[in-house]
Structures are given as structure tokens and as C-alpha cells.
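**Q** A single structure is presented below for examination.
No lab work stands behind these numbers, since they all come straight from the coordinates. All figures in this text were calculated on a predicted structure; none of them were measured in a lab. Note that each Cβ is placed from the backbone with ideal geometry, even for glycine, and that neighbours are counted across all protein chains shown.
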Number of protein chains: 2
Amino acid sequence: MSSASKLRVALLGATGETGSSIMRGLLASTQPHYEITALARAASVNKPALLEYKKQGVQIAAVDLDGPEDALAATLKDFDVVISAIGPAELMQQVQLANACKAAGVGRFVPCCFATIVPPKGILVLRDIKEDIINHIKKIYLPYTIIDVGWWYNTTLPRLPSGKIDYALPPYEQSIAGEGTTPYALTDVGDIGIYTARIVGDPRTLNKYVFAYTELKTQLEIYDLIEKLSGEKVVRNHVSREDIAGGVAKAEATKLVVGTPEFYQLAIFQYWNTWGVRGDNQPEYAKYLGYLLAKDLYPDLQGKPYLQYCQEVLDGRAHGVYKGITFFE
Amino acid sequence: MSSASKLRVALLGATGETGSSIMRGLLASTQPHYEITALARAASVNKPALLEYKKQGVQIAAVDLDGPEDALAATLKDFDVVISAIGPAELMQQVQLANACKAAGVGRFVPCCFATIVPPKGILVLRDIKEDIINHIKKIYLPYTIIDVGWWYNTTLPRLPSGKIDYALPPYEQSIAGEGTTPYALTDVGDIGIYTARIVGDPRTLNKYVFAYTELKTQLEIYDLIEKLSGEKVVRNHVSREDIAGGVAKAEATKLVVGTPEFYQLAIFQYWNTWGVRGDNQPEYAKYLGYLLAKDLYPDLQGKPYLQYCQEVLDGRAHGVYKGITFFE
């Protein structure tokens with residue numbers, strides 16, 4: 001911890017979908033208070049979203065992840081916490097970031113996870129890469145915390161025939177994995193930051209994995225709920241277990257490169273397989289993998305209920321995701 | 001747990017260096033009592049060492065790890081614990097073993113680790129393979145326990161000029177990694193079974209990593225001790241940090257196949273690097289990696305002190321390792 005009473009935290013990717021939630025959570029946190037620096041590429045430091053943060057007292061520091069490690073380490077000197085909300089295509093750049101954190105004596109590094117509970121290897125290509133980063137962190141003996149939050153509320157709802165909630169949905173059609181009866185853990189993207197701000201200031205979570213999810217639901221429950229609340233009948237596109245298995249096999253046979261069209265076409269089968277068929281994204285399996293549960297650590301901390309999220313969506317007050325925001329500017 | 005009051009445990013590799021220690025530990029255990037089955041290849045079930053176990057009440061079951069999974073699963077049905085002390089060259093066969101354990105509903109699988117604390121990936125080729133097995137276990141959601149014990153007492157001492165302790169030493173020359181001042185955790189191979197019998201019967205260690213070591217020493221301390229106890233002056237072959245780095249680089253550039261002469265020549269540099277230079281094989285780093293310490297779990301359980309081991313070696317009463325014993329018959 002720095003000499004000041006505030007914890008010094010640096011956030012990479014502060015304007016992305018995950019990062020902006022984390023920034024809001026850090027800004028809102030009073031216990032602990034955070035002194036926040038947003039790390040951005042030199043070309044991006046004057047972007048409006050960052051200047052907006054600056055008005056709220058956030059410092060902006062230019063970093064070059066591909067530049068010399070000692071320059072990066074000098075920028076990161078004396079930070080208690082460094083959080084990475086880097087985009088999926090840049091995950092491996094966190095090797096340089098972790099090395100610089102180690103050289104700078106950073107108290108805790110939080111690599112970009114913030115997603116579903118998945119076996120460490122062989123099920124989801126994005127997790128495989130994240131696991132490579134985690135293994136690198138462990139190799140260099142860097143203090144860390146892993147935070148996963150489950151599937152995001154904001155990518156669960158099907159379209160309504162009226163089109164009235166399209167504004168809040170991601171730009172692709174929703175499907176039901178298999179029978180749609182496998183429970184999966186869910187969190188509002190807006191709550192990622194609230195959970196994260198609590199977790200990274202907690203000594204109990206140092207060198208631990210934490211699963212911060214809000215609710216456990218099945219896709220059928222979600223579809224039933226939105227039908228009931230909206231009074232509309234939604235289309236139920238089931239993707240069969242066989243089709244999912246076929247897609248997974250195709251993904252395994254393909255050397256998927258994150259960010260390519262092939263990746264987006266095939267990775268979705270891996271997701272359906274892990275949370276829809278296998279049922280990995282559940283608290284019991286997280287505990288088996290060694291995760292602490294935020295619900296156990298912070299019984300007072302209640303994420304937004306799924307029902308409330310649905311009502312906000314129907315009322316036109318919800319936050320849509322993936323609306324052309326880049327992950328790391 | 002089975003309906004009987006004893007825990008049913010199966011041990012693969014029961015006549016190997018690690019496995020025979022585990023067998024002795026299981027046989028000696030009274031809390032819990034174990035009903036023990038040794039798993040052996042069909043061609044080996046009548047080997048003298050196994051028949052010796054049989055006299056002590058151990059059941060012998062023939063298994064074929066490369067045979068049909070359902071036959072293997074049928075053999076493993078209703079076991080509370082399955083322990084693998086398979087040889088290093090056969091580590092990947094544990095994929096089939098783990099799958100059969102899952103199909104058989106085994107209560108806890110203990111894959112072959114029983115060695116030093118090492119980062120999960122990229123430092124030691126043998127650990128890389130063990131980690132692949134651990135990842136597979138997690139992928140199939142099989143209850144497990146990882147047990148590591150540090151470096152073995154039995155491979156620490158240098159030769160004495162008199163030759164009087166040669167009988168207790170492994171068949172290669174001892175060297176000092178770097179300056180010899182890095183502490184590393186040590187355990188007598190004879191104690192592996194005592195620790196293991198305690199750990200695998202303990203509900204607190206289910207789905208956990210446990211580090212069961214006895215003492216922390218440096219190589220210089222060891223050399224000083226044996227000189228003092230024996231009254232002889234030993235040769236101190238230091239391998240420089242530079243030579244170790246060179247050997248590690250060569251090992252990384254070579255696709256090491258476990259069991260080949262090249263493997264034995266180069267893997268030793270990886271070991272010197274991890275426990276002699278990096279200092280990975282220590283309890284603090286183990287805790288960082290998520291291990292529980294046997295010393296914390298069982299404060300009453302004292303392994304054999306290193307001093308006592310040295311005295312036994314000098315008295316001609318010690319157990320030598322790697323005397324032509326195969327790992328899995």
C-alpha cells in the first residue's frame with residue numbers, strides 16, 4: 001500500500017465495456033478510496049471518454065505495451081493495484097504488462113478475466129489464452145487476483161417482436177443452448193466494477209481467484225420471464241447438443257485466432273458448450289476450481305437482480321453492450 | 001466413502017520408489033484404516049514385491065491403462081481414493097486413468113506429483129506434463145488432491161571420499177546449484193507415504209493442493225553437515241548460474257522426451273534452476289500457488305529430521321533410491 005491513505009490503482013482499457021464498469025466502480029468506492037490512473041495508448045490520451053474521467057479526478061498515463069519494459073515499469077512504480085481490462089485480441093500483451101508490474105513492485109495485478117467459469121484448458125480458446133497469462137504471472141511470482149463474473153445479463157435476452165428492446169441487445173441473434181435448462185451464473189456488466197472495487201482492496205483476495213456473480217438462471221427461465229414481463233411471445237432458437245458438439249469439434253480443428261470472423265463464428269459454440277451443455281459456469285464448479293465466492297466474502301454486497309435488469313430494459317433505461325466501443329484505446 | 005468403515009484405496013505403481021513409500025504409509029495408517037488394492041499390469045501381478053504386499057492383506061488387481069475405459073472403470077468402481085505413483089515416462093496415461101475414475105465415481109484421484117514446488121508451466125518439463133494432467137482432471141470435474149513433497153533427502157548428499165555412504169546415494173554425482181545458498185524444501189522418501197495416508201483421508205484436502213515437506217535447507221548447509229558428522233572433506237562441484245541458464249536454454253530449445261538420455265542430461269538444469277536459482281521449492285511460494293501446508297494441517301505429524309537421515313546414512317541404515325526399481329510394473 002502506498003503511503004497515502006488511498007490505494008493507488010491503475011486501470012488499462014478504462015473506456016472498454018468491462019473497463020468503463022470498473023472505472024465507475026473505482027470512482028464510486030469509498031471503502032477503500034482509490035487514487036485512479038487510466039493507462040492508455042499515447043494516441044488515445046485525449047479521447048473524450050478519457051477526458052471525461054479526468055474531470056472526475058482520474059489521472060491519465062500514456063503507456064506502450066510493446067515498448068521498453070523499464071519505461072512501462074517506471075510508469076507503474078508504486079501502484080498498489082494494476083487492473084487490466086484489455087481487449088480479447090490483445091490478451092497476450094499482458095505478458096509485458098505483468099513483467100513490468102513485477103519490475104515495478106506492484107502490489108497486485110488483476111489480469112483480464114471478468115467472464116465465465118471455465119476449465120483452465122481445452123474448452124474455451126479465450127480462457128486458454130487467459131490461463132497462459134495466469135501461468136506467466138505465477139512463473140514470475142507476481143501478486144495477483146483473478147476475478148470472474150459469469151455471463152453478462154446484457155447478452156442474455158432474446159429480441160422481442162416489437163423491437164422495443166433492440167437498443168439494449170448485442171448486435172447478434174440470441175440462441176438457446178440445447179434444452180436451455182442448464183443454470184448459468186449471471187451478472188450485470190454495470191456491477192463488474194462494484195465487485196472489482198471491493199475485491200481488489202481486500203487483503204483476503206490476494207493471490208486468490210474470486211467468482212463475483214449475482215444470479216443463477218437457466219435460459220428457459222429468462223425467456224419465460226421476458227415473455228411474462230413484456231406480454232410478447234419470443235422466438236426460441238434452440239441449438240441442439242449435436243450442433244453444439246459439431247461446432248466445438250470444428251473450433252478444435254481450426255487454429256482459432258481471436259478477433260477473426262472465424263473466431264466469432266466458432267467461439268460461440270465453445271461458450272454454448274461450456275455454460276449451456278457442460279454447466280461449468282456455476283458456483284459449485286468455481287469452488288471446485290479454487291475460487292472464493294464474492295457472496296461469501298461480502299454478504300452485504302448485492303448485485304442488481306436480474307428482474308430489475310429486465311424491467312430497466314423494458315423501460316428503456318438499460319445499458320446496451322458492444323455498441324462499437326473498442327476494448328483498449 | 002464406501003459403506004465399510006475402512007476407506008477403499010487403490011494404488012498404481014505400488015512397487016516404485018514413490019509408490020512403495022505410499023504403500024507402507026497406507027498399511028501403517030490406523031486413522032483412517034485403509035482397505036488397499038494395488039493396481040498392476042496383468043504381466044506383473046505375480047511379481048515378488050506385489051506378492052509380499054498380498055501377504056499383508058493388500059488386494060492385487062490387474063489393469064490395462066491402454067485398454068477399454070469401461071473395463072478400467074469397472075475395476076475402480078466404489079473406490080474412495082485412487083492414487084497414482086506412475087513412472088515419469090507414463091504420466092500421460094493418467095488421462096485414461098482419470099477418465100475411468102470419473103466414470104467409476106471415484107471419490108478422490110491423486111495424480112502423480114510427489115515432487116518439488118514449481119510454477120505450473122514453462123520451468124520444468126515434468127511439471128508441464130503433470131499440469132496437463134491436472135488440467136484434464138479439472139476439465140472432467142473429477143475430485144482430486146495434489147500432493148507435493150519437495151526434493152527428496154535421498155538425493156541430496158555428496159559422496160564421501162571413503163565411499164562409505166555410496167550405498168545410499170543415487171547413481172550420479174551430486175552438484176551444487178549456483179552458490180548453494182538457496183533454501184529448498186526437503187522430505188525423506190520414506191515419509192511420502194506417511195504424509196499421503198494422512199492427506200487422502202482428510203476431507204479438508206479434497207480438491208486442494210497440499211505441500212508436505214519436512215525441512216528447509218540450503219545445499220551448503222547440507223554439505224557442511226555431512227562433513228561435520230562424517231569428519232570427511234567432500235568435493236564441492238558448483239554449477240554456475242551461467243551454466244545453469246545455458247542448460248535451461250538448451251533444454252527449452254530441445255523437444256525433451258521424458259526418459260531419453262537427452263532428457264536426463266538436460267532436465268537436471270531445469271531442476272537446478274527451479275530449486276537452486278529461482279528458489280521455487282519453498283513453502284511461501286507454495287502458499288502463493290494455492291497449496292495448503294501439511295505442517296499447518298497436521299502439527300502433530302513430524303517427518304524424519306534431516307539430521308536423523310544423515311546419521312542413518314552414516315550408520316549404514318539408510319534407504320538408497322533408484323536402485324534399478326522400475327516405476328510401474
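**Q** How large is the charge dipole for chain A, taken about the Cα centre, if only the Cβ atoms of Lys, Arg (+1) and Asp, Glu (-1) carry charge, to the nearest 20 debye?
**A** Magnitude of the dipole: close to 460 debye.
**Q** With +1 on the Cβ of every Lys and Arg and -1 on the Cβ of every Asp and Glu, and nothing else charged, how large is the dipole of region B:74-192 about its Cα centre, in debye rounded to the nearest 20?
**A** With only Lys, Arg, Asp and Glu charged at Cβ, the dipole is about 360 debye.
**Q** Give the separation of the Cα centroids, region B:301-319 to region A:112-138, in Å.
**A** Rounded to whole Å, the Cα centres lie 44 Å apart.
**Q** For region B:7-314, take every pair of Cα atoms, bin their distances at 10 Å starting from 0, and report each bin as a whole percent.
**A** Final binned percentages: 6, 26, 34, 24, 9, 1.
**Q** How many nm is it between the label spots at B:T260 and B:K47, if each spot is 7 Å from the Cα in line with the beta carbon?
**A** 2.6 nm
**Q** Extension gain B:A74-B:E227, at 0.36 nm per residue separation less the Cα-Cα distance, in nm?
**A** Fully extending the segment from B:A74 to B:E227 adds 49.7 nm.
**Q** Among the trypsin sites (Lys or Arg not before Pro) in region B:207-253, which ones are in a DSSP loop with at most 10 other Cβ atoms within 10 Å of the Cβ? Mind listing them?
**A** Counting only loop positions with at most 10 other Cβ atoms within 10 Å, the trypsin sites (Lys or Arg not before Pro) in region B:207-253 are B:K233.
**Q** Which of A:P299, A:N273, A:H238 sits closest to the plus end of the dipole of region A:206-329, meaning its Cα is farthest towards the positive end, when Lys and Arg get +1 and Asp and Glu get -1 on the C-beta?
**A** A:N273
**Q** Counting only helical runs of four or more DSSP H residues, what would the 222 nm mean residue ellipticity of the protein assembly as shown come to if each run contributes -39,500 (n - 2.57) and the total is spread over all its residues?
**A** After summing the helix terms and dividing by residue count, I get -10500 deg cm²/dmol.
**Q** Same structure, new question: Roughly how big is the protein assembly as shown's charge dipole about its Cα centre, with Cβ charges of +1 (Lys, Arg) and -1 (Asp, Glu), in debye to the nearest 20?
**A** Computed about the Cα centre, the dipole is about 540 debye.
**Q** For chains A and B related by rotation, which residue of A has the Cβ nearest the axis, and what is the rounded distance in Å?
**A** A:G290, 3
**Q** Give the relative contact order (percent, whole number) for chain B; include only Cα pairs under 8 Å separated by 6+ residues.
**A** After rounding, I find 22 percent.
**Q** What nm value, rounded to one decimal, do you get for the distance between A:D315 and A:L293 when each label is placed 7 Å out toward the C-beta?
**A** 2.9 nm
**Q** Which distance in Å, rounded to a whole number, links the C-alpha centroids of region A:205-272 and region B:261-275?
**A** 44 Å
**Q** For the pairs A:K250/A:K295; A:K138/B:K102; A:K139/B:K102, flag any whose C-alpha to C-alpha distance is greater than 32 Å.
**A** Table pairs above 32 Å Cα-Cα are A:K250/A:K295.
**Q** Quick check: Cα centre of region B:6-47 to Cα centre of region A:1-73, how many Å?
**A** The distance from the Cα centre of region B:6-47 to that of region A:1-73 comes to 56 Å.
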